[in-house]
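Notes to accompany the following structure.
The values are calculated or read from the model by the stated rules, or taken from the named source; none is laboratory data. What you see is a predicted model, and the numbers here were worked out from it, not measured in a lab. Using ideal geometry, Cβ is built from the backbone for each residue, glycine included, and neighbour counts are taken over all protein chains shown.
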Amino acid sequence: MQDPSNIFAESRRGFLKKASLGFGSIALASLLGKTGSFAADQLMAKSAEGISGGMLNGTHFPAKAKRVIYLFQSGGPSQIETFDYKPELVKWHGKEIPPSVQGTQRNSGMVSEQSTFPLVKSIYDFKQYGQSGAWVSELFPYTAQVVDDLCIVKSMITDAINHEPAVMFMQTGSQLSGRPSIGSWLSYGLGSDNDNLPNFVVLLSKSMGDQPLNSNAWSNGFLPSHHQGIQFRSGKDPVLYLNNPHGVHDHDRRRALDFISELNTHQFDLWSDPEIQSKISQYEMAYRMQNSVPDAVDMSNEPDHIYHLYGEDARIPGTYAANCLQARRLVERDVKFIQLYHMGWDQHGNLPKGIKQQALSTDQATAGLIMDLKQRGLLEDTLVVWGGEFGRTSFSQGRLTADNYGRDHHPGCFTMWMAGAGVKPGMVYGETDEFSYNVSDKPVHVHDFQATLLYLLGVDHERLTFKHQGRRYRLTDVHGHVVKDILT
C-alpha cells in the first residue's frame with residue numbers, strides 16, 4: 001500500500017499515467033482514505049488553498065526560534081586560530097605529533113607525501129572575555145565583545161574530509177549531492193511567514209580565494225521545486241528575470257499569469273503532479289516579489305550609525321558586511337531561513353596572513369549583526385549560526401617557519417557557535433584534547449547539530465520526512481540527537 005506521505009512524490013504521476021483508469025482510481029481512493037502523519041485529504045486541501053503553508057500544519061512542539069541566519073564560513077576556519085585556545089601547543093611547537101594521536105584521525109591526500117608533521121601553535125594571542133570567560137583569538141576583537149551572547153560549541157565532528165562532501169553534509173545531511181538543504185526542509189515543513197518574499201534566501205559574499213561552492217548546497221533536492229533556495233545577488237537586479245521586459249505593463253503580466261495558472265490548474269486536475277502546483281506558486285511569488293524585493297534590498301535609508309555598527313564595507317553591495325545587514329532586513333520581514341556563504345577560509349599554506357584577512361572582512365559585521373538583532377528585540381526569536389564544514393589540523397601542512405605555516409582539513413574536531421532564540425548565552429560546550437586533534441568531551445556530530453536546529457524551530461527531526469524512491473528521508477538521515485544541554 002502506498003504511503004500517503006508519498007502523494008507529492010514524482011513517481012505518483014508516472015504511476016497514475018501508466019496504470020489503467022480503474023486500477024489508478026482504486027489506488028487513488030486508497031490513498032485518500034488512508035490516514036497517517038500527512039493524511040492525503042489534508043495534503044490535497046493544502047494544495048487547493050495554496051502551498052505557502054508547511055506540510056506539518058504547525059510545529060511538533062513550541063518553537064523558540066522563528067527564523068535562522070546561517071553564516072556559513074566556507075573552507076574550514078581553523079579552530080586553533082579562532083576559539084579553541086591550546087596553550088599546550090606552545091610547548092609542542094615544532095615537535096612531531098605523537099603517532100598515537102595522529103593515528104586516531106585520517107588525513108587528506110594533500111599531506112600524503114609529507115614525511116614530517118610538526119605541531120604548530122597559533123601565531124595569534126588569545127584572551128578571555130565576558131562573564132563566560134570564553135577564550136577568543138585577537139583576530140576577533142568585535143566578536144569578543146558579544147561573547148556572552150554566544151554558545152560556542154568546540155566539540156563538533158563530521159564524517160567528511162574534502163570540501164564539497166563536507167559542505168553538502170553540513171547543509172543537507174548527506175555527503176552526496178541531491179538531498180534537500182536545511183532551508184528547503186524548513187520551507188517544506190513549516191512554510192512561509194511572508195507570502196511576498198521567499199522563505200529561503202541565499203546570499204553569497206565577495207571573498208578571497210577561488211574555492212568553488214556548489215549550488216546544490218541550497219537545493220530543494222527531491223522536495224517540490226518551490227522549496228529551492230532563492231539567491232539574492234548584489235547590484236541592480238537582485239533576482240534575475242524578476243522585472244517585466246521593456247514594454248510589458250503590470251496588468252499585462254497579471255493577465256498572462258492568470259491564464260497560465262488556469263492552464264496549469266487544468267493540468268494538475270488531470271495528472272495531480274505536485275510540480276505543477278510548484279510552478280503556479282513560483283509564478284505568483286515572482287509577481288509579488290516585483291514589489292517586495294526592491295524594498296527589502298534597498299539599504300539607502302539605513303542610518304550612518306548602522307553602517308558604523310556593521311563596518312563601512314556594509315556600504316559596498318555583495319560584501320560580507322552588506323549581506324549581514326541584508327540578512328537583518330530579511331528577518332525583519334519574516335523570511336524564515338537566510339543562508340549567507342562566505343568563502344576563502346581554506347588556508348593550506350600562508351595561514352597567518354590568510355586567516356587574518358578573512359577575520360578583518362567578517363568580524364565586525366558578524367558582531368554587528370548580533371548587536372543589531374539584540375537592540376531590535378529580534379535575537380529573542382532569531383537563531384544565528386556561525387561555522388564552516390570542518391576544522392584544521394594541529395600539525396603544519398608544508399614547511400613550518402618562524403612566521404608561516406598551513407593547516408590541512410580536519411574532520412575530527414572543529415568549532416561553531418550559535419546565538420539567539422533558545423540557546424544558552426555565554427556558554428562554552430564541549431572540549432578537545434590538548435592538541436585540538438580529537439574531541440575529549442561532549443562530542444556534537446553534524447546530525448546532532450541539525451537535529452538541535454530543527455528542535456529550536458519546533459520540529460522533531462525524526463518526524464519531518466519525505467518518501468522518495470521507496471524510502472523515507474530526513475535531514476538527519478538515520479541518526480542525530482538534540483543537544484539539550486545548550487538549550488534554555
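Do you know which residues across the range 459-477 are out of contact with any strand residue (DSSP E or B) (no Cβ under 9 Å at 6 or more places or on another chain), part of a strand (DSSP E or B) and surrounded by fewer than 18 Cβ atoms within 10 Å (Cβ to Cβ)? Even if it seems obvious, please write down each step before you answer.
We begin by selecting, within the range 459-477, every residue out of contact with any strand residue (DSSP E or B) (no Cβ under 9 Å at 6 or more places or on another chain); these are 459-464, 468-471, 475-477.
From the residues that got through so far, the ones that are part of a strand (DSSP E or B) too are 468, 471.
Scanning the range 459-477 gives a single hit, 471.
Identify the single condition in (1) of a type in the set (Ser, Thr, Tyr); (2) surrounded by fewer than 19 Cβ atoms within 10 Å (Cβ to Cβ); (3) in contact with a Leu (Cβ under 7 Å, 6 or more places away or on another chain) that residue 382 does not satisfy, given that it satisfies every other one.
(2)
Testing residue 210 on (1) under 22 Å from the mean Cα position of the chain (by Cα); (2) at pLDDT 75 or above, one condition comes back false. Which one is that?
(2)
Can you find, within the range 385-412, the residue that is surrounded by the fewest Cβ atoms within 10 Å (Cβ to Cβ) among those that are of a type in the set (A, V, I, L, M, F, W, C) and under 24 Å from the mean Cα position of the chain (by Cα)?
Restricting attention to the range 385-412, the residues satisfying the condition of being of a type in the set (A, V, I, L, M, F, W, C) are 385-386, 390, 395, 400, 402.
Among the residues that remain, those that are also under 24 Å from the mean Cα position of the chain (by Cα) are: 385-386, 390.
Working: 385: 20, 386: 25, 390: 30.
Looking at the filtered set, the residue picked out is 385.
Might you check whether a residue that is on the phi > 0 side of the Ramachandran plot, assigned by TED's automatic domain parsing to the domain that holds residue 157 and in contact with a Pro (Cβ under 9 Å, 6 or more places away or on another chain) occurs anywhere in the range 417-433? Give the derivation first.
Just the residues of the range 417-433 that are on the phi > 0 side of the Ramachandran plot, to begin with: 420, 422, 426, 430.
Then keep just the ones that are assigned by TED's automatic domain parsing to the domain that holds residue 157; that gives 420, 422, 426, 430.
Retained after the next criterion (residues that are in contact with a Pro (Cβ under 9 Å, 6 or more places away or on another chain)): 430.
Within the range 417-433, one or more residues are on the phi > 0 side of the Ramachandran plot, assigned by TED's automatic domain parsing to the domain that holds residue 157 and in contact with a Pro (Cβ under 9 Å, 6 or more places away or on another chain).
Could you tell me which residue of the range 417-445 is surrounded by the most Cβ atoms within 10 Å (Cβ to Cβ), considering only residues that are assigned to a strand (DSSP E or B) and over 23 Å from the mean Cα position of the chain (by Cα)? Even if it seems obvious, please write down each step before you answer.
Narrowing the range 417-445 to residues assigned to a strand (DSSP E or B): 417-420, 423, 427-429, 431-432, 439-441, 444-445.
Now drop any that are not over 23 Å from the mean Cα position of the chain (by Cα), which leaves 431-432, 439-441.
On the way: 431: 15, 432: 26, 439: 20, 440: 15, 441: 11.
Ranking the candidates gives 432 first.
Against the condition assigned to a helix (DSSP H, G or I) and touching a residue at least 60 places away in the same chain (Cβ under 8 Å), how does residue 331 come out, does it pass?
Values: assigned to a helix (DSSP H, G or I): yes; touching a residue at least 60 places away in the same chain (Cβ under 8 Å): yes.
For residue 331, the condition - assigned to a helix (DSSP H, G or I) and touching a residue at least 60 places away in the same chain (Cβ under 8 Å) - is met.
Restrict the check to the range 184-191 and report whether at least one residue is assigned to a loop (DSSP other than H, G, I, E, B), of a type outside the set (Phe, Trp, Tyr) and more than 18 Å from residue 478 (Cβ to Cβ). Explain how you work it out, then say what you get.
Kept after step one, since they are assigned to a loop (DSSP other than H, G, I, E, B), are these residues of the range 184-191: none.
No, because not a single residue in the range 184-191 is assigned to a loop (DSSP other than H, G, I, E, B), of a type outside the set (Phe, Trp, Tyr) and more than 18 Å from residue 478 (Cβ to Cβ).
Does residue 316 fit the bill of being within 25 Å of residue 198 (Cβ to Cβ), touching a Gly at 6+ places or on another chain (Cβ under 9 Å) and surrounded by fewer than 16 Cβ atoms within 10 Å (Cβ to Cβ)?
Values: within 25 Å of residue 198 (Cβ to Cβ): yes; touching a Gly at 6+ places or on another chain (Cβ under 9 Å): no; surrounded by fewer than 16 Cβ atoms within 10 Å (Cβ to Cβ): yes.
Taking the combined requirement at face value, the residue does not satisfy it.
Out of 152, 80, 69, 123, which single residue is part of a loop (DSSP other than H, G, I, E, B) and of a type in the set (Val, Ile, Thr)?
On the way: 152 fails: part of a loop (DSSP other than H, G, I, E, B); 80 fails: part of a loop (DSSP other than H, G, I, E, B); 69 fails: part of a loop (DSSP other than H, G, I, E, B).
Result: 123 is the single residue among 152, 80, 69, 123 that is part of a loop (DSSP other than H, G, I, E, B) and of a type in the set (Val, Ile, Thr).
Out of 176, 150, which single residue is more than 24 Å from residue 436 (Cα to Cα) and modelled with pLDDT of 95 or more? Even if it seems obvious, please write down each step before you answer.
Numbers: 150 fails: more than 24 Å from residue 436 (Cα to Cα).
The unique qualifying residue is 176.
Could you say whether any residue in the range 182-199 is out of contact with any helix residue (DSSP H, G or I) (no Cβ under 9 Å at 6 or more places or on another chain), surrounded by 24 or more Cβ atoms within 10 Å (Cβ to Cβ) and not hydroxyl-bearing (Ser, Thr, Tyr)?
yes
Table: residues versus (1) buried (at least 18 other Cβ atoms within 10 Å of the Cβ); (2) within 18 Å of residue 413 (Cα to Cα); (3) touching a residue at least 40 places away in the same chain (Cβ under 8 Å).
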{"site": "77", "(1), (2), (3)": "yes, yes, yes"}
{"site": "103", "(1), (2), (3)": "no, yes, no"}
{"site": "124", "(1), (2), (3)": "no, no, yes"}
{"site": "129", "(1), (2), (3)": "yes, no, no"}
{"site": "143", "(1), (2), (3)": "yes, no, yes"}
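Using the structure shown, decide if residue 297 is modelled with pLDDT under 95 and touching a strand residue (DSSP E or B) at 6+ places or on another chain (Cβ under 9 Å).
Values: modelled with pLDDT under 95: yes; touching a strand residue (DSSP E or B) at 6+ places or on another chain (Cβ under 9 Å): yes.
Criteria met by residue 297.
Based on this model, can you work out whether residue 449 counts as of a type in the set (Phe, Trp, Tyr) and touching a Ser or Thr at 6+ places or on another chain (Cβ under 9 Å)? Even if it seems obvious, please write down each step before you answer.
Details: of a type in the set (Phe, Trp, Tyr): yes; touching a Ser or Thr at 6+ places or on another chain (Cβ under 9 Å): no.
Here the answer is no, as residue 449 does not meet what is asked.
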